[in-house]
Amino acid sequence: MSLRSSSLRRALGPFVAALALSATLASSSAAAAEACGSIITAPLAAPVSADDPCPSTDPVVCRIRVLPMDEKVEAQRIRIQYHDLLEDMHRTAADMREAGATDEEVARELVDMRNQAKAITRAGMTPEEVRILEERNIAKYGNPLGPTADQLYAKYGTWQQVIDASMRTSYAVDRELSLEYKPCPV
């Protein structure tokens, strides 16, 4: 190998490495931008004292804040399962629309699916956690699993808005569990 070729290789080496690194970063940034479903946004926050004032009006968020770390990890796992069930709802809505279902038919199916998803995810919770969720829903909707399709229709006024509401997730609960939910394309 000539001295000139060796010098050229040494000079181009860092340049080639930088190109490879920038391509890797670009593809990982694109993958992150395309991420959907349940996305972990940060490490879980350390538990706070039960005496610490809770900045949220949501009792679920206040309960999560004081959970021991192993229970927070489990709560996050359960929330991710819940988000997976929301993904099933998005696919069901698309399939029903393709089959010609009305907004009302889609809304009623999705509200039922959401309530089933709540029941499924609560099966992995402690009785105390389930009690807190059910008390909140009974006080708010008169139903331990949450609102019915008819209650949501009375609240929102259109079946499309019921569909939208049935596929939402609590931003406050997700944030407390270091999660973000982004629906995947169907």
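The values are calculated or read from the model by the stated rules, or taken from the named source; none is laboratory data. Owing to the predicted nature of the structure, the values given are computational and were not obtained by experimental measurement. Methodologically, a virtual Cβ is constructed for each residue, glycine included, from the backbone with ideal geometry; neighbour enumeration extends over all protein chains shown. Note: areas computed on protein heavy atoms with side chains; ligands, DNA, RNA excluded. Shrake-Rupley method; radii C 1.70, N 1.55, O 1.52, S 1.80 Å.
Suppose we filter Glu176, Glu134, Glu98 for residues that are surrounded by 15 or more Cβ atoms within 10 Å (Cβ to Cβ) and either modelled with pLDDT of 95 or more or hydroxyl-bearing (Ser, Thr, Tyr) (or both); which single one remains?
Result: Glu176 is the single residue among Glu176, Glu134, Glu98 that is surrounded by 15 or more Cβ atoms within 10 Å (Cβ to Cβ) and either modelled with pLDDT of 95 or more or hydroxyl-bearing (Ser, Thr, Tyr) (or both).
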Long-range neighbours under 7 Å by Cβ, at least six apart or interchain, first residue closer than 12 Å to Gly124 by Cβ within segment 65-79, second surrounded by fewer than 13 Cβ atoms within 10 Å (Cβ to Cβ) and at pLDDT below 95: none
Scan of segment 55-88 for residues that are under 30 Å from Ala107 (Cβ atoms), over 13 Å from the mean Cα position of the chain (by Cα) and of a type in the set (A, V, I, L, M, F, W, C), ordered by number: Val60, Val61, Ile64
Scope segment 80-123; condition free of Cβ contacts under 8 Å to residues at least 40 places away in the same chain, among the small types (Gly, Ala, Ser) and assigned to a helix (DSSP H, G or I); matching residues: Ala117, Ala119
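For segment 104-130, how many residues are closer than 23 Å to Asp84 by Cα, open to solvent by 60 Å² or more (accessible area, probe 1.4 Å) and of a type outside the set (A, V, I, L, M)?
Filtering segment 104-130 for residues closer than 23 Å to Asp84 by Cα gives 105-127, 129-130.
Retained after the next criterion (residues that are open to solvent by 60 Å² or more (accessible area, probe 1.4 Å)): 105, 108-109, 112, 116, 120, 123, 127.
Among the residues that remain, those that are also of a type outside the set (A, V, I, L, M) are: 105, 108-109, 112, 116, 127.
Here the count works out to 6.
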